[in-house]
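Colleague: My structure is below; once you've seen it, I'll send some questions.
The values are calculated or read from the model by the stated rules, or taken from the named source; none is laboratory data. Please read these numbers as outputs of a predicted model, since none were measured by experiment. All Cβ positions, glycine included, derive from the backbone under ideal geometry; neighbour counts span all protein chains shown.
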Amino acid sequence: MNNQILNITNLSKSFGAFKVTDQITIDLKFNEIHALIGPNGAGKSTLIKQIVGTVKHDMGSIILDQEDITDLNDVERAKIGISRTFQVSSIIPKFTALENIVLSLLEKSQKTFQLFKSLNSNSKLFSEAKEILLQIELEDRSKVIASELSHGERRKLEVGLALAMKPKVFLFDEPMAGLDEIGTKMMINLFQRIKLNSPILLIEHDMDAVFALADRVSVIVYGKIVATGTVEEIKANPIVHDVYLGYEIT
Amino acid sequence: MIKEQFFNKWVFLLLLIIPAIGIIFNEPYYITLATKVIILGIAGIGLNLALGYGGLISFGHAAFFGIGGYVAAIMSKHALNGELLFEIPLAISGTSEMLIIWPLAIIISAFFSLLIGLLSLRTSGVYFIMITLAFAQMLYYFSISWPSYGGEDGLSMHMRNTLPFINTMNPLNFFLICLVWFFIAIFITSKLINSPYGMALQATKQNEERVKSVGIETFKVKLIVFVFSGAITGLAGSLYADLNRFVSPSMLNWHTSGEIMVFVILGGIARIYGPLLGAAFFIILEQTLGLYTENWQFWLGLILILEILFARSGIMGLFDKKINYE
């Protein structure tokens, strides 16, 4: 229990008669990447939404760093250390890449409600933001309006926004979708570094990336966790093959 | 393209030229017109903060405009007749001192903005529009049924409220007073939108879900701008009451909310001088087309349709195509 930073117990959500998540119990340990895989519509993204608080759960509990956050709203959860990326890129379209990152730094640096001080005088914010852009390899795109960034660049920016919050845990929803090989490699390296500070719950369809990154993998099908284990255990699990992977792992 | 800041300087010069023409040709009416433009411009600056920078389509800003106006007129009335405004819990008398009336108008408008904002900002989109409209209409009907302060007929002021050492009845003096307030409103707006808070505000307008996900309380962000917006519009209302030496329920009517919105849209949403340009254009249309037809608003409607179809950034946008946070 002590090495778990995020502990989700019996989390459930139904839309009418349809159970999107059905008594899901899953945890995230310090310094790990826990991948959540499963077919489309299995309930992965709904689970993320329940953890961040944008979808209200029907039952279950969420403990973050030994604090019960089940009844907190989405903003409170973000403040105490849950940082996410969206399945479909969600950025501030008319801000530059740099401004997007600065926005994400505001709350942690307690500057959101500075009403009359010039933003530009906060040079520390901008230098921090530039460092993050460097980490996600977007430093040469810092002045580009976010809506003009390519799809892959927007995915990177999403991760940058999450990084800037210096959270306790990351929830990444298909961060590598649409990235080219170089972009995927960059993300893999980045995730391996940042997990040492904040562990990652990762939803990803790129199985090569999942198997390269994950310390543990959980498989979700029809809103239920059907298997959890190391990469090797999951690869060897016949149920997982039947319901999701559907091919021989070599 | 002319840059927005360069264009703003021209607008400022024009503001000074019009009263100068009034003085040279001994036509104080021009000065009064320019004063009206500035006051309506201030009201527009107030709404522009919420609408332009915050994306809050308030159809109830007439409430704050009217509250500011009634504060000025009621205080003036009590100063004139010597009756106490309140006896319980404290005996408060009226005053004709602008230095007291302005802060009072700002505070009371801000208070009402806070109340209305606390309830209406829990909604969004069309519901927000309807709730703000409903609150303003409630105050409108309240003012109609308030006989102590003129009811439907409105309330006349014997003379303009006063300022130490300045004759406020002099049109040029009053113009300059309003001009100072205009620049204070511009200064406050400019400071707000260029601050970290301004960044959070403009981001909330674009993608509230994302802003929440980085831990920013967007409700608080919107409430703050709504209060500032209401307070500035309330100040404009108190100046407007002094300009006309008259207030009436029409200041609180939804037509007024619509007109303030038209100033913002005509001039350019989320452009700092946009509302002033919009107000000026509106008054020019009223003064010119109004000579030929009572139904000059028909042409205004046509212009608005054309603007929305072909020039969404308003008059300001025609001169400066910079990307903004609209």
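Colleague: Select, from A:Thr112, A:Thr70, A:Thr96, the only residue that is over 22 Å from A:Glu158 (Cα atoms) and not aliphatic (A, V, I, L, M).
Modeller: Answer to the check: A:Thr70.
Colleague: Sticking with this one: When only residues in region B:147-158 that are assigned to a loop (DSSP other than H, G, I, E, B) and modelled with pLDDT of 90 or more count, which is surrounded by the most Cβ atoms within 10 Å (Cβ to Cβ)?
Modeller: The selected residue is B:Met157.
Colleague: Among the residues of region A:76-130, which ones are among the basic types (Lys, Arg), at the interface with chain B (Cβ under 8 Å from one of its Cβ atoms) and without any contact (Cβ under 8 Å) to a residue 24 or more places away in the chain?
Modeller: The answer is A:Lys111, A:Lys117.
Colleague: Please determine whether any residue of region B:243-256 is under 13 Å from the mean Cα position of the chain (by Cα), aliphatic (A, V, I, L, M), over 23 Å from B:Gly154 (Cβ atoms) and assigned to a helix (DSSP H, G or I).
Modeller: No: zero hits.
Colleague: Oh, and also: Out of all the residues in region B:83-106, which are surrounded by fewer than 16 Cβ atoms within 10 Å (Cβ to Cβ), over 26 Å from B:Val227 (Cβ atoms) and touching a residue at least 12 places away in the same chain (Cβ under 8 Å)?
Modeller: Listed by number, the list holds a single entry, B:Ser93.
Colleague: Among the residues of region B:176-194 satisfying the criterion of being surrounded by fewer than 20 Cβ atoms within 10 Å (Cβ to Cβ) and among the polar types (S, T, N, Q), which is farthest from B:Pro19 (Cα to Cα)?
Modeller: Checking each candidate, the answer is B:Asn194.
Colleague: If a residue counts only when it is crowded, with 21+ Cβ neighbours inside 10 Å, in contact with a strand residue (DSSP E or B) (Cβ under 9 Å, 6 or more places away or on another chain) and not hydrophobic (A, V, I, L, M, F, W, C), which helices (runs of 4 or more DSSP H) contained entirely in region A:49-166 have at least 1 such residues?
Modeller: Of the helices (runs of 4 or more DSSP H) lying wholly inside region A:49-166, those with at least 1 residues that are crowded, with 21+ Cβ neighbours inside 10 Å, in contact with a strand residue (DSSP E or B) (Cβ under 9 Å, 6 or more places away or on another chain) and not hydrophobic (A, V, I, L, M, F, W, C) span A:74-80, A:97-106, A:151-164.
Colleague: So if I check each of A:Glu232, A:Glu181, A:Glu158, A:Glu148, which one is within 14 Å of chain B (Cβ to nearest Cβ) and over 21 Å from A:Ile48 (Cβ atoms)?
Modeller: Just one listed residue meets the conditions, A:Glu148.
Colleague: For region B:211-226, name all the residues that are crowded, with 23+ Cβ neighbours inside 10 Å and either more than 8 Å from chain A (Cβ to nearest Cβ) or part of a helix (DSSP H, G or I) (or both).
Modeller: Matches in region B:211-226: B:Val211, B:Ser213, B:Val221, B:Lys222, B:Val225, B:Phe226.
Colleague: Of the numbered conditions (1) out of contact with any helix residue (DSSP H, G or I) (no Cβ under 8 Å at 6 or more places or on another chain); (2) of a type in the set (S, T, N, Q); (3) surrounded by 18 or more Cβ atoms within 10 Å (Cβ to Cβ), A:Asn197 satisfies every one except a single condition; which is it?
Modeller: (3)
Colleague: Listed residues A:Asn31, A:Asn10; which is on the phi > 0 side of the Ramachandran plot and in contact with a strand residue (DSSP E or B) (Cβ under 6 Å, 6 or more places away or on another chain)?
Modeller: Sole residue among the options that is on the phi > 0 side of the Ramachandran plot and in contact with a strand residue (DSSP E or B) (Cβ under 6 Å, 6 or more places away or on another chain): A:Asn10.
Colleague: Something else: Can you tell me which of B:Ile308, B:Ile265, B:Ile283, B:Ile272 is loosely packed, with under 13 Cβ neighbours inside 10 Å and more than 14 Å from chain A (Cβ to nearest Cβ)?
Modeller: Criteria check complete, one pass: B:Ile308.
Colleague: Considering only residues of region A:55-75 that are in contact (Cβ under 8 Å) with a residue 40 or more places away in the chain and within 14 Å of chain B (Cβ to nearest Cβ), which is nearest to A:Gln4 (Cα to Cα)?
Modeller: A:Leu64
Residue-by-condition table, conditions (1) over 29 Å from B:Gly317 (Cβ atoms); (2) of a type in the set (Ser, Thr, Tyr); (3) in a helix (DSSP H, G or I):
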site	(1), (2), (3)
B:Thr32	yes, yes, yes
B:Ile42	no, no, yes
B:Ile45	no, no, yes
B:Leu51	no, no, yes
B:Ser58	no, yes, no
B:Gly66	yes, no, yes
B:Lys77	yes, no, yes
B:Leu90	yes, no, no
B:Ile101	yes, no, yes
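Colleague: Counting only residues that are surrounded by fewer than 14 Cβ atoms within 10 Å (Cβ to Cβ) and among the polar types (S, T, N, Q), which one in region B:288-302 is modelled with the highest pLDDT?
Modeller: B:Thr288
Colleague: Just to check your reading of the model, which residue among B:Ser109, B:Ser76 is more than 19 Å from the chain's Cα centre (by Cα), under 30 Å from B:Leu133 (Cβ atoms), surrounded by 24 or more Cβ atoms within 10 Å (Cβ to Cβ) and polar (S, T, N, Q)?
Modeller: B:Ser76
Colleague: Scanning for something closer than 16 Å to A:Leu201 by Cα, surrounded by fewer than 22 Cβ atoms within 10 Å (Cβ to Cβ), among the acidic types (Asp, Glu) and touching a Leu at 6+ places or on another chain (Cβ under 9 Å), does region A:31-40 turn up at least one residue?
Modeller: Checked region A:31-40: no residue is closer than 16 Å to A:Leu201 by Cα, surrounded by fewer than 22 Cβ atoms within 10 Å (Cβ to Cβ), among the acidic types (Asp, Glu) and touching a Leu at 6+ places or on another chain (Cβ under 9 Å).
Colleague: Something else now. Being in a helix (DSSP H, G or I) and facing chain A (nearest Cβ under 7 Å) is the filter; apply it to region B:186-197 and report the residue that is farthest from B:Leu121 (Cα to Cα).
Modeller: The extreme case among them is B:Lys191.
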